[in-house]
Structures are given as structure tokens and as C-alpha cells.
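Below is one structure, written out as C-alpha cells; the observations come after it.
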């Protein structure tokens, strides 16, 4: 059987990434050009700046990806590209580039949902992983519990009603002037703090699978403001540890509950917040206690990258889910939306 070579392009936010994969799960190259240093001075991603930087970077990233994979453009079988969700200008850079390549090479193009790509990162890390299973998607813009029923079939059973978990991390970090991106900094400082120092609220929202983090965020901001008004010392490490404990407790508890109640034996993590060391520690412990097989990708596959897009695009391609040149960016694309 002929090997299928996928060229994948990811540009949904502030990483320009291109990867080459063989048969969906073998990564031949995965080049990521990050803009973190560029956006640090603004305290977050500036969409217009991100779009312009993608345009500057994408040719060089493609060249490096092909060189590392030792593949010529003519040898690829199809092009997978993120078309949503994300920043519309950034998405359009990658999408336009993919269309140009597809037209020039006369190759099929496959539009990939960025969040479904995050879920598929687990297939790269764990070669024996197959659907069905439960997944917890945790990122700057998304917090979902998703049933992965097949390689192209997803059902959301729980979601955040307000802030995403990653968004809450970034906002709390910004409130304490810790820098950008906030999640990794909070995780690092929390290791030096007391997670029981401050009793922040844990929003479990009845017995369902939905999440809410706006109340927790407000509680932390109110705590910080009260301390400042009274000129009292703020122990940043304790705030980080207590806040992180409140977030992770809810994420882990709900994920285990959903996995058990829906009858799955496997739970995976996906998204940037899946890098959080305490989340991994907590959910691994609870999984063992409940005889659940927990899987998560290497940290470099949790953050935005084209390899995960290529893996997802491969399964779309072999199921003949290709697109034509009318494919457009969909900034608010939902999981399972086609």
C-alpha cells in the first residue's frame, strides 16, 4: 500500500507552523516559528501584528520543513490547513498559502478544525490509540469535554459557560504583572506556593459536565484588590497555587466523571493547558484510582503546531473529506462542524 504524504499548515494564532507526515502518524518534520517574544510587550497577541509576521515567516518555514523531511513538494499527496477557529487574519494567511500550493501542484486541499487537530495530537504520541475515547480539551479559548466516537466523529458533552481555563490563567497572570503567556508562569510559581493557602471557589455547576471559570477569576481579582487596598503583602506563589488548585480540581473531577459515566476506558488531554504539570499529575492520579487509561501528548504537541493538523487532515483525506478553492476561514468554527 502506498504511503500517504501530508503537508500541513497551521497559522491560527501566533505560531507559523508547517509539518510533513507519513500515513498520518509519522512526523517527518514539524517546524514551528513562534511569535511569543514579539507579543510579550503587548501582554497578549495583537492580531494585525500576528498576520503580518505569518506572511514574513511562512516561506522560510515551508523550506525548512521540506528540507528536514527530505521531501520535494511534488511528492506530497495532499495539503491540510487550519481554517478555524482562530484569528481571521492569521487563518487567511495559512489558508491562502495552502490554496496557492494546492492550485500550483494540482493537489487536494483538506480544511482542518484546529481544536480537532489538538485532539489528534494524541494519535502521534500514542501509536496504538484508537477511538472511541473521552478527551478533555483545555486551551486559551476552549474548555470542552468531547466524546471521540471515530476519527472524524466528535460530540461535545460539556463546555465552559464563560471563560476558558487557559484564558483564566492568562488573565490572573496579567493581574499580577507576571508576563505573557501566563499559563506556564503560573504553573512554575505554583510549585513554590501553598495550594491550600486561599480558599478560592470551585465551580462544579450541579452534576453536569459544563464548566465555569468567571466566578473563580473574579474571586482572585477581588482578593488581589482587597490586599492592595489594605496594603497587605500578596504572596504571589500562594495565589498561583490556590488558583491553579481550583481550576485543576474542577477539570480533573469532571473529566473522570464523564469518562466513567459514558463508559469509556481511555481519557486523553488536548490543548495548550494540557502542558500544565499539576493538571497532568492530578488527572493521572485520579485515572489510576478509577482504572482509566490516561494519555496526553508531549508538550511540544500540546501547543499550536502543524503536525497535529496533518494528522487530523490525514484522517479527513482518507475518508474523502476534501475541499475546493471556496474554502474560507471560519474564526468561530465549532468541533464537529463541517
Point to revise | Residues of segment 310-338 classified as assigned by TED's automatic domain parsing to the domain that holds residue 108 and under 21 Å from residue 47 (Cα atoms), total | key: 0
Review point. Which condition number in (1) assigned to a helix (DSSP H, G or I); (2) outside the structural domain of residue 262 (by TED's automatic domain parsing) is the one that residue 107 fails?
Key: (1)
Point to revise | Selection within segment 163-175 - under 15 Å from residue 234 (Cα atoms) and buried (at least 21 other Cβ atoms within 10 Å of the Cβ) | key: 172, 173
**Study point:** Considering residues of segment 34-73 that are closer than 14 Å to residue 15 by Cβ and not in a helix (DSSP H, G or I) only, the residue modelled with the highest pLDDT
**Key:** 34
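Here's the yes/no breakdown for (1) over 29 Å from residue 31 (Cα atoms); (2) at pLDDT below 95:
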{"site": "259", "(1), (2)": "yes, no"}
{"site": "271", "(1), (2)": "no, yes"}
{"site": "274", "(1), (2)": "no, yes"}
{"site": "287", "(1), (2)": "yes, no"}
{"site": "304", "(1), (2)": "no, yes"}
{"site": "312", "(1), (2)": "no, no"}
{"site": "316", "(1), (2)": "no, no"}
{"site": "321", "(1), (2)": "no, yes"}
Point to revise | Flag for residue 98 being under 30 Å from residue 154 (Cβ atoms) and without any contact (Cβ under 8 Å) to a residue 60 or more places away in the chain | key: no
Review point. What do you reckon, is residue 97 assigned to a strand (DSSP E or B) and within 23 Å of residue 305 (Cβ to Cβ)?
Key: no
Exercise for review: Tally the residues that are over 16 Å from residue 303 (Cβ atoms) and part of a loop (DSSP other than H, G, I, E, B), restricting the search to segment 162-175.
Suggested key: 2
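The values are calculated or read from the model by the stated rules, or taken from the named source; none is laboratory data. Keep in mind that what you see is a predicted model, and the values were worked out from it rather than measured. Positions of Cβ are generated from backbone atoms using ideal geometry, with glycine treated the same way; all protein chains shown enter the neighbour counts.
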